[in-house]
Amino acid sequence: MKNAAFFRTIFVSLAVALGLGFAPAFSQTPANVLIVGQIAEPKSLDPAAVTAVNDFRILMNLYDGLVRYKDGALEVEPSLAENWEISDNGLVYTFNLREKVKFHDGTAFNADAVVFNFKRMLDEEHPYHDTGPFPLSFFFSAIDDVEAVGAHSVRFTLKEPYAPFLSNLAYPTGLIVSPTAVKRHGQDFGRFPSGTGPFQFSEWESNSKVVLERNEQHWNGAPDLQAVVFRPITDGNTRVAEMLSGGIDVMVEIPPDSVSRFDGNGYTLYQQAGPHVWFLILNARQGPFADKRVRQAVNYAIDKESLVENVLQGTAVVAAGPTPPAFAWAYNDALKPYPYNPEKAKRLIKQAGHEGAELTFYVTEGGSGMLDPVAMGAAIQADLAKVGLKVKIETFEWNTFLGKVNPGLENKADMAEMAWMTNDPDTLPYLALRTGAWPEHKGFNSGYYSNPEVDKLLEAARTSTSQAERARLYKEMQTILQEDAPWAFIANWKQNAATRDNVRDFKLQPSFFLLLKDVKKL
């Protein structure tokens, strides 16, 4: 640690802010140190090993990718790559890299480092492949080869044209880590990260804080902030209390009934629409939800308008399917959400022979974009009881919840809450609704839904170089999925955050990431 005395001061001040000292928390947050109230403990700080936006919000400040999303958009622009060329057939991408860039451990960023990162994920014979798992390596499954063609030039050759490739490189899975640090720490790299980002790792105290300090040598200039402290505060009401008492400077995912408290009066409220879907995974492999009629019944039984208006208090809109309306070019606006119709739900359940079925429902205490999950779960439980379904809720901490849901619901549960913030219309359905994405194939289709026609549409859409053709294919896919109802489609959320008024130049991004390099604290 470069600034040992300074960071000892941070930790003393932070201890007071956390209630570990005797002074009041208000006004005790350290000067020029931003304290962020996160929604959960991170699972890892290895960008290749995680899937949750909660973790991504930290990682985007530790690392850079070859490309990044433009400010306020989901279009890509140069980052560690100064520019790139794409072959006429769409199969070869050549990136020219910035020179004189250093990882936080002092080693050089170069083409060999890029090759190491992608082969580590994709090549099972790579000597450091065992530092995984790599749950979103699907993002780069189209890569046939990656090679250094100079000290600062790298070439990707794809198996077939792949439209989301650049967008996926801008996603956290494409962030570049230090090969030297991976070799040094092995499977523990996620606890001792090293990248090239504007902040570098200082400390991770489990269930308390992750501390990042300013990278004075960042290729795009050093941040104004001396440090950022991410605090996991799972309970939304506790995050609100910490914000009101001065224990944190920024809070994300404000509970709906507290949003108005941060619109003025010493706080600044931020809201930003983005590509978000909140849904219920339904176990289509076994039990009542193996019958499409019961899956449709659940969609009719849940009063989604009431959830949006009363539980979420207008911070979301009812979802019509798996594609968020934020992807305007690919969104099928001809589809309307399932209407609330409990009588029709009862008829469908009776036709399927599942009256009085007993269901197990996995709910999380809090997690990335999960929209007041305990209250939402209780309201859904009550709606399903009205149509004769007996729902038992089992509630878990976020990372425990992911550990139960991601491996699949078979022999465990009938339904589970889930939310995705995504970067391309391809991402969510390809990773979570395709037959090849069943958990045994290392995907996120935890409900085991399968429709060969959906599979064909997804494969065709990701290889098309025509956005108009991709849009047509995605819209057809959405029509089939709404009919098949592999999920209960609930809501599209507008993300929110609040800062104290002494925090300046803070922004929310449609990607749902937190980019803190240009933030100031007065």
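Numerical summary
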| quantity | calculated |
| --- | --- |
| Sequence of S306, S260 from largest to smallest accessible area, 1.4 Å probe | S260, S306 |
| Descending semi-axes in Å of the range 70-186, equivalent ellipsoid built from Cα gyration tensor | 21, 18, 14 |
| Separation of alpha-carbon centers, the range 423-443 and the range 152-167, rounded to whole Å | 20 Å |
| Calculated [θ] (222 nm, deg cm²/dmol) that DSSP helices of n ≥ 4 give over the chain, each run adding -39,500 (n - 2.57) | -8000 deg cm²/dmol |
| Full-stretch length increase - F192, N310 - with 0.36 nm per residue and alpha-carbon distance subtracted | 38.2 nm |
| 5 angstrom amide H check on E82, placed H, neighbours 5+ away | N96, L97, R98 |
| Surface accessible to a 1.4 Å probe, per residue, for the residues of the range 90-150, Å² | 44 Å² |
| Order of exposure, largest accessible area first, which applies to W219, W278, W420 with probe 1.4 Å | W219, W420, W278 |
| All-pairs alpha carbon distance profile, the range 144-207, 5 Å steps from 0, percent | 4, 12, 16, 22, 19, 14, 8, 4, 2 |
| Value of Rg to Rh for the range 124-173 (Rh from inverse mean 1/r over Cα pairs, i.e. Kirkwood) | 0.98 |
| Compactness relative to 2.2 N^0.38 Å, alpha carbon Rg of the chain | 0.97 |
| Average projected area [Cα convex hull, the range 238-329], square nanometres | 8.5 nm² |
| Accessible-area order (highest first, 1.4 angstrom probe) of the listed residues V294, V76, V149 | V149, V76, V294 |
| Spatial separation of Cα centroids for the range 465-480 and the range 209-242, in angstrom | 40 Å |
| DSSP-loop GluC sites (Glu not before Pro) across the range 196-229, with at most 14 other Cβ within 10 angstrom | E216 |
| Gyration tensor (Cα) of the range 328-389, equivalent ellipsoid semi-axes in angstrom | 24, 21, 10 |
| Stokes-Einstein D for the range 449-516, Kirkwood Rh over Cα pairs, 25 °C, 0.890 mPa s (µm²/s) | 159 µm²/s |
| Members of K70/K102; K350/K412; K336/K404 lying beyond 28 Å, as alpha-carbon distances in this model show | K336/K404 |
| Relative contact order [Cα under 8 Å, 6+ residues apart], the range 249-328, whole percent | 39 percent |
| For the range 230-244, 3J(HN,Hα) per residue [Karplus equation, 6.51 cos²θ - 1.76 cosθ + 1.60, θ = phi - 60°, Hz, x = Gly/Pro] | 9, 10, x, 10, 5, 6, x, 5, 5, 4, 4, 4, 5, 5, 5 |
| For N332, residues with placed amide H under 5 Å, excluding near neighbours | none |
| Euclidean distance of C-alpha centroids, the range 75-133 and the range 342-421, integer Å | 40 Å |
| Value of relative contact order over the chain, rounded to a whole percent, pairs C-alpha under 8 Å and six or more apart | 20 percent |
| Apportionment of accessible area to carbon and sulfur, the chain, percent (1.4 Å) | 47 percent |
| K70-T180 FRET efficiency (beta carbon distance; Förster radius 45 Å; 0.05 resolution) | 0.90 |
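The values are calculated or read from the model by the stated rules, or taken from the named source; none is laboratory data. Here the structure is a predicted model, which is why all the values come from computation and not from measurement. Using ideal geometry, Cβ is built from the backbone for each residue, glycine included, and neighbour counts are taken over all protein chains shown. Just so you know, the surface numbers come from the protein's heavy atoms only, side chains and all, with ligands and any DNA or RNA stripped out. Shrake-Rupley method; radii C 1.70, N 1.55, O 1.52, S 1.80 Å.
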